[in-house]
Amino acid sequence: MKCFERRIVQFVFTLVFSFFSFKGISQLKNIKLFLEAGAAIPANKDLNNVFTAGVNGAIGPVISVLDEKLSIQPLGGMKWYFKQIKEENSLTEHFRTWKAGVSVSYTVAGFKGIQLSPLLRLDYNWSSNYYSETYDYNVYNGMSSVALSDKYLKGNGISYDIGMKIQRPKWYLKIDHELFKPTLTVNEKLRSEAWNQGFFIPENYTYNLNSFNLTIGYQIIPVR
């Protein structure tokens, strides 16, 4: 992780944990566990030409403080783009990112039980690009095996989201724009094969993985 990224992560999490440790814990009104899922649309044209859309999901507790106007939500989740390359054996390309971070929102308006809250989110991400293929399909039980390729691209980095949350007591809708430009490492075997054929592939690429996200969250457990 780059030095400035490490400092950003340390600052955000130190701020959150310090708030709970010294001030916020006595002001906690309720904690609710939410599961969320939705769609992601690549904002970059080159990526959108490969993956028109993807799915995202996450789980984490919403912690309300300051008279329930401020919400802090630690999250763990995933964003997944996939596209079938060949129908035969369902050869599919995948680009998957595991995410861990925190989202902060603050209610600025409310009407008939609906709250409007601008939100900011920061995640650390682990991304990889690979292929999958099915084989040995059994017509009797409808089961088949799946083979996964090596990871052709992999890497990590920080993403930043800015958006709006529309919230009711047991559900919320989030619309946000994610900024994510990680530097990914190219598979060494792939680079060697390309070199043997007279092509040079750099060891690292910086990719524009910005996206627009629409997510619905639903309360599954009231913790407190």
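The values are calculated or read from the model by the stated rules, or taken from the named source; none is laboratory data. Note that the structure is predicted; figures quoted are calculated from it, not measured. Virtual Cβ from ideal backbone geometry, glycine too; neighbours counted across all protein chains shown.
Quick notes on this one:
- Enumeration of residues in region 152-175 that are of a type outside the set (Val, Ile, Thr) and surrounded by 19 or more Cβ atoms within 10 Å (Cβ to Cβ): GLY155, GLY157, SER159, ASP161, GLY163, LYS165, GLN167, TYR172, LYS174
- Residue within region 149-164 that is over 22 Å from ALA37 (Cα atoms), among the hydroxyl-bearing types (Ser, Thr, Tyr) and outside any helix (DSSP H, G or I) present: yes
- Contact map, region 195-211: first residue within 30 Å of ASP176 (Cα to Cα), second residue assigned to a loop (DSSP other than H, G, I, E, B) and small (Gly, Ala, Ser), Cβ cut-off under 7 Å, separation 6 or more or different chains; pairs are ASN210/ALA43; SER211/ALA43.
- Qualifying residue in region 69-85 (condition: outside any strand (DSSP E or B) and either at positive phi or at pLDDT below 90 (or both)): yes
- Unmet criterion (only one of (1) over 22 Å from LEU214 (Cβ atoms); (2) in contact (Cβ under 8 Å) with a residue 60 or more places away in the chain) for LEU70: (2)
- Screening region 174-194 for residues that are over 16 Å from the mean Cα position of the chain (by Cα) and part of a strand (DSSP E or B) and picking the one that is nearest to PRO118 (Cα to Cα) gives THR183.
- Residue selected from region 94-131 under the condition surrounded by fewer than 16 Cβ atoms within 10 Å (Cβ to Cβ) and part of a loop (DSSP other than H, G, I, E, B), by the criterion farthest from the chain's Cα centre (by Cα): LYS112
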